[in-house]
Amino acid sequence: MEKRLNRKRLNKKYLNKNKLTPETCAPLVSICCLTYNHKDFIRDALDGFLKQKVNFSYEILVYDDASTDGTADIIREYAERYPQVFRPFLQTENQYSQGVTNPSGAFNFPRAKGKYIAMCEGDDYWTDPYKLQMQVEYLESHPGCSLCIHSARIVTVDGSRSDKQVRPYRESRVILPEEIIDKRSGYATASLVFPARLVKILPSYYTDCPVGDIPLQLMAAAEGYGYYLDRDMSVYRVGVSGSWTVQSKTGDYAAKQQRYYEQMKESYQAFDQATDRRFHQVVKSAVRRLWFLTKVNTRQYDVVLDRKYRRYYQELTGRTRFYIQMEARMPWLYKLLAEIARRVR
(Lines give C-alpha, C1' and ligand atoms only; values in the text may rest on other atoms or scores of the structure.)
Protein backbone atom coordinates (compact mmCIF):
# COMPACT_ATOMS: atom_id res chain seq x y z
CA MET A 1 0.00 0.00 0.00
CA GLU A 2 1.28 3.44 -0.90
CA LYS A 3 2.61 5.40 2.07
CA ARG A 4 0.91 8.66 2.89
CA LEU A 5 3.01 11.59 1.68
CA ASN A 6 3.96 14.64 3.67
CA ARG A 7 4.56 17.23 0.94
CA LYS A 8 6.49 19.63 3.17
CA ARG A 9 8.83 16.86 4.27
CA LEU A 10 9.39 15.74 0.69
CA ASN A 11 10.02 19.27 -0.49
CA LYS A 12 12.62 19.83 2.25
CA LYS A 13 14.27 16.47 1.68
CA TYR A 14 14.56 16.67 -2.07
CA LEU A 15 15.10 20.37 -2.68
CA ASN A 16 16.85 21.82 0.35
CA LYS A 17 19.00 18.92 1.48
CA ASN A 18 20.16 17.53 -1.85
CA LYS A 19 20.04 20.70 -3.95
CA LEU A 20 20.16 18.58 -7.07
CA THR A 21 19.07 19.84 -10.48
CA PRO A 22 18.77 17.90 -13.73
CA GLU A 23 22.03 19.29 -15.08
CA THR A 24 24.31 18.51 -12.11
CA CYS A 25 25.10 14.89 -12.99
CA ALA A 26 24.40 12.08 -15.44
CA PRO A 27 20.65 11.47 -15.72
CA LEU A 28 19.03 8.70 -13.75
CA VAL A 29 15.82 9.08 -15.78
CA SER A 30 15.23 9.78 -19.45
CA ILE A 31 11.82 11.34 -20.05
CA CYS A 32 10.68 10.34 -23.54
CA CYS A 33 8.06 12.54 -25.19
CA LEU A 34 6.52 12.18 -28.67
CA THR A 35 4.79 15.11 -30.34
CA TYR A 36 2.94 15.82 -33.54
CA ASN A 37 0.80 18.94 -34.00
CA HIS A 38 0.44 19.42 -30.25
CA LYS A 39 0.86 23.20 -30.22
CA ASP A 40 -2.13 23.72 -27.94
CA PHE A 41 -0.99 21.09 -25.43
CA ILE A 42 2.80 20.70 -25.49
CA ARG A 43 3.50 23.43 -22.90
CA ASP A 44 1.46 21.48 -20.33
CA ALA A 45 3.62 18.41 -20.97
CA LEU A 46 6.96 20.24 -20.87
CA ASP A 47 6.03 22.23 -17.77
CA GLY A 48 4.98 19.01 -16.05
CA PHE A 49 8.47 17.60 -16.64
CA LEU A 50 10.20 20.70 -15.33
CA LYS A 51 8.09 20.84 -12.17
CA GLN A 52 9.26 17.43 -10.95
CA LYS A 53 10.81 17.57 -7.47
CA VAL A 54 13.46 14.88 -7.35
CA ASN A 55 16.79 14.01 -5.73
CA PHE A 56 18.29 12.80 -9.01
CA SER A 57 19.06 14.18 -12.42
CA TYR A 58 16.96 13.63 -15.54
CA GLU A 59 16.94 14.47 -19.23
CA ILE A 60 14.00 15.34 -21.48
CA LEU A 61 14.06 13.72 -24.92
CA VAL A 62 11.41 15.34 -27.12
CA TYR A 63 10.80 13.91 -30.57
CA ASP A 64 8.63 15.90 -32.97
CA ASP A 65 7.48 14.13 -36.12
CA ALA A 66 7.57 17.17 -38.44
CA SER A 67 4.65 19.09 -36.93
CA THR A 68 3.05 21.71 -39.17
CA ASP A 69 1.34 23.82 -36.47
CA GLY A 70 4.25 25.44 -34.64
CA THR A 71 4.87 22.70 -32.07
CA ALA A 72 8.54 22.56 -33.05
CA ASP A 73 8.94 26.29 -32.35
CA ILE A 74 7.68 25.80 -28.80
CA ILE A 75 10.09 22.92 -28.29
CA ARG A 76 12.97 25.08 -29.55
CA GLU A 77 11.93 27.78 -27.09
CA TYR A 78 12.15 25.37 -24.15
CA ALA A 79 15.42 23.88 -25.40
CA GLU A 80 16.95 27.37 -25.51
CA ARG A 81 15.73 28.18 -22.01
CA TYR A 82 16.80 24.85 -20.51
CA PRO A 83 19.69 23.60 -22.69
CA GLN A 84 21.14 21.36 -19.95
CA VAL A 85 18.06 19.17 -19.74
CA PHE A 86 16.24 19.33 -23.10
CA ARG A 87 17.43 17.21 -26.01
CA PRO A 88 15.03 17.80 -28.92
CA PHE A 89 14.87 15.76 -32.11
CA LEU A 90 12.89 17.72 -34.69
CA GLN A 91 12.07 15.89 -37.91
CA THR A 92 11.67 17.80 -41.16
CA GLU A 93 9.79 14.94 -42.84
CA ASN A 94 6.99 13.01 -41.19
CA GLN A 95 8.10 9.47 -40.39
CA TYR A 96 4.78 7.99 -39.28
CA SER A 97 3.42 8.39 -42.82
CA GLN A 98 6.39 6.36 -44.02
CA GLY A 99 5.61 3.42 -41.77
CA VAL A 100 7.51 4.28 -38.57
CA THR A 101 4.74 3.41 -36.12
CA ASN A 102 6.92 3.31 -33.00
CA PRO A 103 9.10 6.45 -33.08
CA SER A 104 10.14 6.05 -29.44
CA GLY A 105 12.07 2.93 -30.36
CA ALA A 106 13.49 4.51 -33.50
CA PHE A 107 14.44 7.97 -32.24
CA ASN A 108 14.20 8.33 -28.45
CA PHE A 109 15.23 5.06 -26.80
CA PRO A 110 18.58 4.79 -28.67
CA ARG A 111 19.74 8.16 -27.29
CA ALA A 112 18.42 7.71 -23.73
CA LYS A 113 21.20 7.92 -21.13
CA GLY A 114 19.10 7.24 -18.03
CA LYS A 115 18.82 4.05 -16.01
CA TYR A 116 15.04 4.44 -16.23
CA ILE A 117 12.67 5.71 -18.91
CA ALA A 118 9.49 7.66 -18.21
CA MET A 119 6.91 8.05 -20.96
CA CYS A 120 4.57 10.94 -21.77
CA GLU A 121 3.11 11.95 -25.13
CA GLY A 122 2.87 15.61 -26.05
CA ASP A 123 -0.91 15.88 -25.62
CA ASP A 124 -0.86 14.40 -22.11
CA TYR A 125 0.83 15.85 -19.03
CA TRP A 126 1.97 15.13 -15.48
CA THR A 127 0.15 16.79 -12.60
CA ASP A 128 1.99 15.60 -9.49
CA PRO A 129 5.47 17.09 -8.84
CA TYR A 130 6.46 13.97 -6.86
CA LYS A 131 5.45 11.48 -9.56
CA LEU A 132 8.93 10.61 -10.78
CA GLN A 133 10.45 10.51 -7.31
CA MET A 134 7.83 8.08 -6.05
CA GLN A 135 8.10 5.74 -9.03
CA VAL A 136 11.89 5.75 -9.20
CA GLU A 137 12.18 5.16 -5.46
CA TYR A 138 10.04 2.06 -5.81
CA LEU A 139 11.99 0.75 -8.79
CA GLU A 140 15.34 1.42 -7.10
CA SER A 141 14.32 -0.47 -3.97
CA HIS A 142 12.66 -3.36 -5.84
CA PRO A 143 15.04 -4.60 -8.57
CA GLY A 144 12.58 -7.33 -9.56
CA CYS A 145 10.04 -4.71 -10.61
CA SER A 146 10.18 -3.89 -14.32
CA LEU A 147 7.24 -1.47 -14.61
CA CYS A 148 5.72 1.17 -12.35
CA ILE A 149 2.41 2.83 -13.25
CA HIS A 150 -0.31 4.95 -11.65
CA SER A 151 -3.84 6.17 -12.29
CA ALA A 152 -4.64 9.16 -14.50
CA ARG A 153 -7.44 11.67 -14.82
CA ILE A 154 -9.23 11.93 -18.18
CA VAL A 155 -9.67 15.40 -19.71
CA THR A 156 -11.43 16.17 -22.99
CA VAL A 157 -9.72 18.09 -25.75
CA ASP A 158 -11.58 21.29 -24.87
CA GLY A 159 -10.03 21.21 -21.42
CA SER A 160 -13.10 20.12 -19.48
CA ARG A 161 -12.44 17.64 -16.71
CA SER A 162 -14.18 14.31 -16.57
CA ASP A 163 -15.10 12.17 -13.60
CA LYS A 164 -13.56 9.28 -15.51
CA GLN A 165 -10.13 7.86 -14.74
CA VAL A 166 -7.64 5.47 -16.22
CA ARG A 167 -7.65 3.39 -13.04
CA PRO A 168 -6.95 -0.28 -13.75
CA TYR A 169 -6.89 -1.30 -10.06
CA ARG A 170 -8.57 -0.05 -6.89
CA GLU A 171 -5.55 0.04 -4.58
CA SER A 172 -1.78 0.34 -4.77
CA ARG A 173 -0.36 -3.13 -5.27
CA VAL A 174 2.00 -5.47 -7.06
CA ILE A 175 0.92 -6.49 -10.58
CA LEU A 176 1.80 -10.03 -11.61
CA PRO A 177 3.28 -10.51 -15.10
CA GLU A 178 0.17 -12.41 -16.16
CA GLU A 179 -1.99 -9.43 -15.19
CA ILE A 180 0.12 -7.07 -17.29
CA ILE A 181 -0.27 -9.29 -20.34
CA ASP A 182 -3.99 -10.03 -20.01
CA LYS A 183 -5.63 -7.05 -18.33
CA ARG A 184 -9.18 -5.80 -18.20
CA SER A 185 -8.25 -2.12 -18.37
CA GLY A 186 -5.45 -0.28 -20.12
CA TYR A 187 -2.60 1.64 -18.50
CA ALA A 188 -2.09 5.36 -19.06
CA THR A 189 0.97 5.84 -21.27
CA ALA A 190 2.02 8.92 -19.28
CA SER A 191 2.24 6.73 -16.17
CA LEU A 192 4.80 4.25 -17.52
CA VAL A 193 8.26 4.18 -15.90
CA PHE A 194 10.54 1.21 -16.51
CA PRO A 195 14.23 0.21 -16.60
CA ALA A 196 15.97 1.40 -19.75
CA ARG A 197 17.58 -2.01 -20.15
CA LEU A 198 14.24 -3.31 -21.43
CA VAL A 199 14.56 -1.30 -24.66
CA LYS A 200 18.27 -1.69 -25.44
CA ILE A 201 17.37 -4.46 -27.89
CA LEU A 202 13.85 -4.17 -29.30
CA PRO A 203 12.05 -7.40 -30.25
CA SER A 204 10.01 -7.77 -33.43
CA TYR A 205 6.76 -7.70 -31.51
CA TYR A 206 7.61 -4.11 -30.59
CA THR A 207 8.98 -2.86 -33.90
CA ASP A 208 6.17 -4.46 -35.95
CA CYS A 209 3.33 -3.46 -33.62
CA PRO A 210 0.91 -0.68 -34.68
CA VAL A 211 1.11 0.88 -31.19
CA GLY A 212 4.02 1.36 -28.82
CA ASP A 213 2.66 1.14 -25.29
CA ILE A 214 1.30 -2.42 -25.26
CA PRO A 215 4.51 -4.12 -26.46
CA LEU A 216 6.45 -2.09 -23.88
CA GLN A 217 4.21 -3.59 -21.22
CA LEU A 218 4.75 -7.07 -22.64
CA MET A 219 8.51 -6.54 -22.54
CA ALA A 220 8.22 -5.53 -18.89
CA ALA A 221 6.10 -8.61 -18.09
CA ALA A 222 8.76 -10.84 -19.62
CA GLU A 223 11.41 -9.41 -17.28
CA GLY A 224 9.63 -9.05 -13.93
CA TYR A 225 6.53 -7.78 -12.22
CA GLY A 226 4.79 -4.41 -12.04
CA TYR A 227 3.70 -2.03 -9.33
CA TYR A 228 0.62 0.21 -9.37
CA LEU A 229 0.24 3.46 -7.40
CA ASP A 230 -3.44 4.25 -6.90
CA ARG A 231 -2.91 7.99 -7.26
CA ASP A 232 -3.83 10.34 -10.13
CA MET A 233 -0.51 11.83 -11.23
CA SER A 234 -1.11 12.61 -14.90
CA VAL A 235 -3.81 13.59 -17.36
CA TYR A 236 -4.90 11.55 -20.36
CA ARG A 237 -6.34 13.93 -22.94
CA VAL A 238 -8.97 12.47 -25.28
CA GLY A 239 -10.26 13.67 -28.64
CA VAL A 240 -7.05 15.31 -29.91
CA SER A 241 -7.16 15.76 -33.68
CA GLY A 242 -4.56 13.59 -35.40
CA SER A 243 -4.20 11.18 -32.48
CA TRP A 244 -4.12 7.46 -33.23
CA THR A 245 -7.49 6.95 -31.53
CA VAL A 246 -9.21 9.70 -33.53
CA GLN A 247 -7.64 8.65 -36.82
CA SER A 248 -8.68 5.03 -36.29
CA LYS A 249 -12.35 6.08 -36.19
CA THR A 250 -12.30 7.72 -39.62
CA GLY A 251 -12.94 5.97 -42.94
CA ASP A 252 -13.80 2.27 -42.89
CA TYR A 253 -13.82 1.80 -39.14
CA ALA A 254 -14.72 -1.89 -39.22
CA ALA A 255 -11.86 -2.66 -41.59
CA LYS A 256 -9.44 -0.68 -39.43
CA GLN A 257 -10.57 -2.56 -36.34
CA GLN A 258 -10.07 -5.88 -38.09
CA ARG A 259 -6.62 -4.86 -39.30
CA TYR A 260 -5.67 -3.64 -35.83
CA TYR A 261 -6.78 -6.95 -34.32
CA GLU A 262 -4.75 -8.94 -36.84
CA GLN A 263 -1.61 -6.86 -36.24
CA MET A 264 -1.96 -7.05 -32.48
CA LYS A 265 -2.58 -10.80 -32.66
CA GLU A 266 0.68 -11.17 -34.58
CA SER A 267 2.49 -9.13 -31.93
CA TYR A 268 1.08 -11.23 -29.10
CA GLN A 269 2.01 -14.43 -30.92
CA ALA A 270 5.56 -13.15 -31.49
CA PHE A 271 5.77 -12.30 -27.79
CA ASP A 272 4.56 -15.82 -26.99
CA GLN A 273 7.37 -17.28 -29.07
CA ALA A 274 10.00 -14.90 -27.69
CA THR A 275 9.13 -15.94 -24.13
CA ASP A 276 9.18 -19.68 -24.96
CA ARG A 277 5.41 -19.90 -24.39
CA ARG A 278 5.79 -19.24 -20.64
CA PHE A 279 2.58 -17.22 -20.74
CA HIS A 280 0.83 -19.13 -23.51
CA GLN A 281 -2.62 -19.45 -21.93
CA VAL A 282 -2.55 -15.84 -20.77
CA VAL A 283 -1.60 -14.67 -24.27
CA LYS A 284 -4.48 -16.66 -25.76
CA SER A 285 -6.89 -14.96 -23.39
CA ALA A 286 -5.48 -11.51 -24.19
CA VAL A 287 -5.96 -12.09 -27.92
CA ARG A 288 -9.46 -13.39 -27.37
CA ARG A 289 -10.35 -10.34 -25.26
CA LEU A 290 -8.96 -8.02 -27.92
CA TRP A 291 -11.07 -9.76 -30.58
CA PHE A 292 -14.16 -9.42 -28.40
CA LEU A 293 -13.54 -5.69 -27.92
CA THR A 294 -13.33 -5.15 -31.68
CA LYS A 295 -16.82 -6.66 -31.88
CA VAL A 296 -17.99 -4.24 -29.19
CA ASN A 297 -16.44 -1.30 -31.07
CA THR A 298 -18.08 -2.32 -34.35
CA ARG A 299 -21.46 -3.06 -32.70
CA GLN A 300 -21.60 -6.74 -33.63
CA TYR A 301 -23.92 -7.45 -30.75
CA ASP A 302 -24.87 -10.95 -31.84
CA VAL A 303 -21.31 -11.89 -30.93
CA VAL A 304 -21.01 -9.54 -27.93
CA LEU A 305 -24.13 -11.00 -26.28
CA ASP A 306 -23.24 -14.62 -27.01
CA ARG A 307 -22.90 -16.46 -23.70
CA LYS A 308 -19.59 -17.91 -24.86
CA TYR A 309 -18.06 -14.49 -24.27
CA ARG A 310 -19.87 -13.71 -21.03
CA ARG A 311 -16.58 -13.39 -19.12
CA TYR A 312 -15.44 -10.51 -21.31
CA TYR A 313 -18.91 -8.99 -21.47
CA GLN A 314 -19.06 -8.79 -17.67
CA GLU A 315 -15.77 -6.87 -17.69
CA LEU A 316 -17.39 -3.99 -19.58
CA THR A 317 -18.62 -1.07 -17.51
CA GLY A 318 -22.25 -1.08 -16.41
CA ARG A 319 -22.89 1.97 -18.58
CA THR A 320 -21.50 0.24 -21.67
CA ARG A 321 -23.53 -2.90 -21.02
CA PHE A 322 -26.68 -0.81 -20.58
CA TYR A 323 -26.29 0.90 -23.95
CA ILE A 324 -25.40 -2.36 -25.68
CA GLN A 325 -28.59 -3.96 -24.35
CA MET A 326 -30.65 -0.95 -25.35
CA GLU A 327 -29.27 -0.72 -28.88
CA ALA A 328 -29.55 -4.47 -29.41
CA ARG A 329 -33.05 -4.92 -27.99
CA MET A 330 -34.66 -1.49 -28.42
CA PRO A 331 -32.85 0.19 -31.32
CA TRP A 332 -35.66 2.72 -31.80
CA LEU A 333 -35.24 4.00 -28.23
CA TYR A 334 -31.47 4.06 -28.57
CA LYS A 335 -31.69 6.15 -31.75
CA LEU A 336 -34.15 8.53 -30.11
CA LEU A 337 -31.89 9.11 -27.09
CA ALA A 338 -28.83 9.48 -29.32
CA GLU A 339 -30.60 12.15 -31.38
CA ILE A 340 -31.68 14.04 -28.25
CA ALA A 341 -28.10 13.93 -26.93
CA ARG A 342 -26.78 15.21 -30.28
CA ARG A 343 -29.17 18.19 -30.27
CA VAL A 344 -28.31 19.34 -26.75
CA ARG A 345 -24.55 19.36 -27.36
Next item on the list: Go through (1) under 23 Å from M219 (Cα atoms); (2) of a type in the set (D, E, K, R); (3) free of Cβ contacts under 8 Å to residues at least 60 places away in the same chain one by one and return the number of the condition R289 breaks.
Entry: (3)
Item checked: Among (1) over 23 Å from the mean Cα position of the chain (by Cα); (2) in a helix (DSSP H, G or I), the one test that R299 misses -> (2)
Check: Does segment 204-217 contain at least one residue that is in a loop (DSSP other than H, G, I, E, B), crowded, with 19+ Cβ neighbours inside 10 Å, assigned by TED's automatic domain parsing to the domain that holds T127 and under 17 Å from the mean Cα position of the chain (by Cα)?
Finding: yes
Check: Quick one: is Y309 modelled with pLDDT of 90 or more, hydroxyl-bearing (S, T, Y) and not assigned by TED's automatic domain parsing to the domain that holds R184?
Finding: yes
Margin query: I'd like to know if segment 107-125 contains one or more residues that are among the hydroxyl-bearing types (S, T, Y), surrounded by 15 or more Cβ atoms within 10 Å (Cβ to Cβ) and part of a loop (DSSP other than H, G, I, E, B).
Written below: no
Check: In segment 130-144, is there at least one residue being touching a strand residue (DSSP E or B) at 6+ places or on another chain (Cβ under 9 Å), in a strand (DSSP E or B), surrounded by 21 or more Cβ atoms within 10 Å (Cβ to Cβ) and on the phi < 0 side of the Ramachandran plot?
Finding: no
Checklist line | Inter-residue pairs, beta-carbon under 9 Å, first more than 10 Å from C32 (Cα to Cα) and in segment 94-109, second modelled with pLDDT under 95 and acidic (D, E), 6+ apart | finding: T101/D208; N102/D208
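The values are calculated or read from the model by the stated rules, or taken from the named source; none is laboratory data. Predicted model only: the values in this text are computed from it and were never measured. Positions of Cβ are generated from backbone atoms using ideal geometry, with glycine treated the same way; all protein chains shown enter the neighbour counts.
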